[in-house]
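> Take a look at this one; I'll ask things after.
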Amino acid sequence: MNEVSVIFNPVAGRGRLLRQRCDLERTAARLGLTIDWWPTQAPGHATELARRAADLGAPLVFAFGGDGTYNEVARGLHGTDTSIGLLPGGTSSVLAYEFEIPRRADRALAALIAGHDREVRVGRTDHGDLFLLMLSVGPDSVILQRLPGWMKRRGGKVGVTAQALVEFVRGDLPSVRVTADEWSETGGWMIAGNSRFYGGPYRATPGADPFAPDLEIVVQRGVGRASAIPFFFSIPSGRHLARSDVVRRSVSRIRVESSAGSASVPYQVDGDPVGTLPVEAWIDPRPLKVRLPS
């Protein structure tokens, strides 16, 4: 392999990724490689580009950006022999924490070129969504659905935090019912993790494993801001799991629906709102090949 393809969004972060091209090209040259840049032009284009690379027989394709970009590229490579390599370039790039990938994109490139491939599991929904990190329903999905696009693009985490304050003040938070096998629970927040990490280096579902054929479910039973706020702020320290109103389980398949009286409730996967309840989710039997550092 003397050339590697890098799929990226040239307008992400007002051109933040473009400013890192020189560093990546210097690292590639030092490794005896050249980079073939594949810029995206619209939402969903990364999936088309990844599928084209797989059809051409590329052994490895890099996704340069955040978790949304990783998700789109994974959709195009899922079930193929082409591996995805994650180059952190987004606001959080949470999935890179799961696979212990260096945070600087040029260092990540070097580490992954010298790395190895491994098959991981991905989540799937009956709406056709794929998720690498998690599916969640609660204040976070409401915040992301109502977050203006310009605020997310320009403000990043600051914009999300500002919208969170608005929603917590408004207090219009959902109530949902989660069913798995013969177990069901009602609550105000549900996180179905395929990865340990959530929102950054925070282990919301620490028992989740992308190499295992199940999901870890964390349900916060309380409904409303009086329950949601302390749950939210206890996630970074991991104390959320010690709360008496939190249930934690490992399941193979779940169904999430709004409780009686709740309005249309959005759900999100990998940091993006994608649909409304009800939704069913499970681990797809087809693997995704991921390039990991040595």
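The values are calculated or read from the model by the stated rules, or taken from the named source; none is laboratory data. A quick note: this is a predicted structure, and the numbers were derived from the prediction, not measured. Note that each Cβ is placed from the backbone with ideal geometry, even for glycine, and that neighbours are counted across all protein chains shown.
> Give the residues of the stretch 78-87 that are under 21 Å from Pro39 (Cα atoms), surrounded by fewer than 24 Cβ atoms within 10 Å (Cβ to Cβ) and not hydroxyl-bearing (Ser, Thr, Tyr), sorted by residue number.
Within the stretch 78-87, His78 is the sole residue that qualifies.
> Pick from the stretch 78-129 the residues that are in contact with a Gly (Cβ under 7 Å, 6 or more places away or on another chain) and among the hydrophobic types (A, V, I, L, M, F, W, C): which of them is farthest from Lys289 (Cα to Cα)?
That would be Ala105.
> Next question, about the same structure. Considering only residues that are surrounded by 14 or more Cβ atoms within 10 Å (Cβ to Cβ) and hydrophobic (A, V, I, L, M, F, W, C), look in the stretch 12-30 and name the one that is farthest from the chain's Cα centre (by Cα). I'd like the intermediate steps shown before the answer.
We begin by selecting, within the stretch 12-30, every residue surrounded by 14 or more Cβ atoms within 10 Å (Cβ to Cβ); these are 12-13, 16-18, 20-21, 23-25, 27-28.
Filter once more, keeping what is hydrophobic (A, V, I, L, M, F, W, C): 12, 17-18, 24, 28.
Values: Ala12: 17, Leu17: 19, Leu18: 22, Leu24: 24, Ala28: 27 Å.
Top of the filtered list is Ala28.
> Might you let me know whether the stretch 149-170 holds any residue that is under 22 Å from Leu241 (Cβ atoms), in contact with a Ser or Thr (Cβ under 6 Å, 6 or more places away or on another chain), among the small types (Gly, Ala, Ser) and surrounded by 14 or more Cβ atoms within 10 Å (Cβ to Cβ)? Can you show your working first?
Step one: filter the stretch 149-170 for residues under 22 Å from Leu241 (Cβ atoms), giving 164, 168.
Now drop any that are not in contact with a Ser or Thr (Cβ under 6 Å, 6 or more places away or on another chain), which leaves none.
There is no residue in the stretch 149-170 that is under 22 Å from Leu241 (Cβ atoms), in contact with a Ser or Thr (Cβ under 6 Å, 6 or more places away or on another chain), among the small types (Gly, Ala, Ser) and surrounded by 14 or more Cβ atoms within 10 Å (Cβ to Cβ).
> Could you go through the stretch 201-214 and let me know if any residue there is aromatic (Phe, Trp, Tyr), surrounded by 15 or more Cβ atoms within 10 Å (Cβ to Cβ), without any contact (Cβ under 8 Å) to a residue 40 or more places away in the chain and not in a strand (DSSP E or B).
In the first step, residues of the stretch 201-214 are kept if they are aromatic (Phe, Trp, Tyr); the result is 202, 211.
Then keep just the ones that are surrounded by 15 or more Cβ atoms within 10 Å (Cβ to Cβ); that gives 202.
Keeping just the survivors that are without any contact (Cβ under 8 Å) to a residue 40 or more places away in the chain gives 202.
Retained after the next criterion (residues that are not in a strand (DSSP E or B)): 202.
Within the stretch 201-214, one or more residues are aromatic (Phe, Trp, Tyr), surrounded by 15 or more Cβ atoms within 10 Å (Cβ to Cβ), without any contact (Cβ under 8 Å) to a residue 40 or more places away in the chain and not in a strand (DSSP E or B).
Each row is one residue, and each column tells you yes or no for (1) acidic (Asp, Glu); (2) within 30 Å of Glu167 (Cα to Cα); (3) modelled with pLDDT under 95.
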site: Gly79; (1), (2), (3): no, no, no
site: Thr82; (1), (2), (3): no, no, no
site: Ser93; (1), (2), (3): no, yes, yes
site: Ala110; (1), (2), (3): no, no, no
site: Asp126; (1), (2), (3): yes, yes, no
site: Leu132; (1), (2), (3): no, yes, no
site: Val137; (1), (2), (3): no, yes, no
site: Asp140; (1), (2), (3): yes, yes, yes
site: Leu144; (1), (2), (3): no, yes, yes
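> Can you confirm whether the stretch 46-67 contains a residue that is surrounded by fewer than 19 Cβ atoms within 10 Å (Cβ to Cβ), in contact with a Pro (Cβ under 9 Å, 6 or more places away or on another chain) and either hydrophobic (A, V, I, L, M, F, W, C) or not assigned by TED's automatic domain parsing to the domain that holds Gln268 (or both)?
No: the stretch 46-67 contains no residue that is surrounded by fewer than 19 Cβ atoms within 10 Å (Cβ to Cβ), in contact with a Pro (Cβ under 9 Å, 6 or more places away or on another chain) and either hydrophobic (A, V, I, L, M, F, W, C) or not assigned by TED's automatic domain parsing to the domain that holds Gln268 (or both).
> Collect the residues in the stretch 68-77 that are crowded, with 22+ Cβ neighbours inside 10 Å and within 22 Å of Gly193 (Cβ to Cβ), keeping them in residue-number order. Walk me through how you get there before you give the answer.
So in the stretch 68-77, the residues crowded, with 22+ Cβ neighbours inside 10 Å come out as 69-74, 76-77.
Thr69, Tyr70, Asn71, Glu72, Val73, Ala74, Leu77 - these are the residues of the stretch 68-77 that are crowded, with 22+ Cβ neighbours inside 10 Å and within 22 Å of Gly193 (Cβ to Cβ).
> Look through Glu119, Glu100 and report the one residue that is at pLDDT 95 or above, surrounded by fewer than 24 Cβ atoms within 10 Å (Cβ to Cβ) and part of a strand (DSSP E or B). Give the steps one after another, and end with the answer.
Numbers: Glu100 fails: part of a strand (DSSP E or B).
The conditions single out Glu119.
> May I pose another question? Go through the stretch 217-243 and give me each residue that's touching a residue at least 12 places away in the same chain (Cβ under 8 Å) and in a helix (DSSP H, G or I). Spell out the reasoning first.
In the first step, residues of the stretch 217-243 are kept if they are touching a residue at least 12 places away in the same chain (Cβ under 8 Å); the result is 217-225, 227-232, 235-236, 238, 240-241, 243.
Arg225, Ser227, Ala228, Ile229, Pro230, Phe231, Phe232, His240, Leu241, listed by residue number.
To keep it simple, each residue is scored yes or no on (1) of a type in the set (Ser, Thr, Tyr); (2) modelled with pLDDT under 95.
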residue	(1), (2)
Ser259	yes, yes
Gly271	no, yes
Arg286	no, no
Leu292	no, no
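> Among the listed residues Ser92, Ser195, Ser136, Ser141, identify the single one that is assigned to a helix (DSSP H, G or I), closer than 26 Å to Phe233 by Cα, of a type in the set (Gly, Ala, Ser) and touching a residue at least 40 places away in the same chain (Cβ under 8 Å).
Sole residue among the options that is assigned to a helix (DSSP H, G or I), closer than 26 Å to Phe233 by Cα, of a type in the set (Gly, Ala, Ser) and touching a residue at least 40 places away in the same chain (Cβ under 8 Å): Ser141.
> Give the residue, chosen from Thr205, Thr276, that is over 18 Å from Glu98 (Cβ atoms), at pLDDT 95 or above and within 20 Å of the chain's Cα centre (by Cα).
Result of the check over Thr205, Thr276: Thr276.
> Those residues that are over 14 Å from the mean Cα position of the chain (by Cα) and closer than 23 Å to Gly128 by Cβ, I need them from the stretch 84-109; list them, please.
The one that is over 14 Å from the mean Cα position of the chain (by Cα) and closer than 23 Å to Gly128 by Cβ: Ile84.
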